[in-house]
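Okay, so here's the structure we're looking at.
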Amino acid sequence: MTETPAAKRAPPKSARRRSRELALQGLYQWLLSGEEPAAVEAHIRDMDGFAKCDRAHFDALLHGSIEHAAALDAVLTRHVDRKTTLLSPVEHAVLMIGVYELMHCIDIPYRVAINEAVELAKSFGGTDGHKYVNGVLDKCAAELRPEEARPARG
């Protein structure tokens, strides 16, 4: 398989980006199967590239999102146009990661949390799913981080 010119120019993925991608895959598996978090984690840890991720961030995202799923969905429910159970599982998992970072990873600027979620949606979601994710997380940021998000919103 030959790399495309764009792939050759793309910078290497950061350890944090890899942790988000792997957490997304774990959350997707959890949402669809309802498996125990430990079983999901064991499956993800066996995947290629796991050694290159930020393990602490992966653990926080996967286990934190599962542990706080009800609270994350409560925030999402105020900003989505349907029940969270009716969202695409990929978009639901991406939104959970985005809201988790907005709520619990205060060291990550809200714009970075949103941008990273949008990039996940572009890579793994449907054609225009990233636009939906961006709009929902922008509203969530205004609620969860009003002082940080207010200057950008006018």
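Observations on the structure shown:
- Each of G129, G98, V80 was scored by the projection of its Cα onto the charge dipole of the chain, and the greatest displacement toward the positive side belongs to G129; charges sit on the C-beta of Lys, Arg, Asp and Glu.
- For K139, the lysines whose Cα falls under 20 Å of its own Cα, not counting residues fewer than eight places away in the same chain, are K83, K122, K131.
- Here the simple spin-label model places points 7 Å from the Cα toward Cβ, and for K131 and H63 these points are separated by 3.9 nm.
- A helix-only calculation puts the chain at -22500 deg cm²/dmol for mean residue ellipticity at 222 nm, using -39500 (n - 2.57) for each DSSP H run of at least four residues, averaged over all residues.
- Förster radius 30 Å - calculated FRET efficiency between A70 and N115 (Cβ-Cβ, nearest 0.05): 0.70
- Sorted by Cβ density within 10 Å, fewest first, the residues I108, I97: I108, I97
- Using the Cβ-Cβ distance between R145 and L32 with R0 = 25 Å, the FRET efficiency computed as 1/(1 + (r/R0)^6) comes to roughly 0.25.
- Under a model in which nothing but the beta-carbon of Lys, Arg (+1) and Asp, Glu (-1) is charged, segment 39-154 shows a dipole of about 360 debye around its Cα centre.
Here, each number is a calculation from the coordinates, and none is a lab measurement. In this text the structure is predicted, and so the values were computed from the model without any measurement. In this analysis, Cβ positions are derived from the backbone assuming ideal geometry, glycine residues included, and neighbour counts consider all displayed protein chains.
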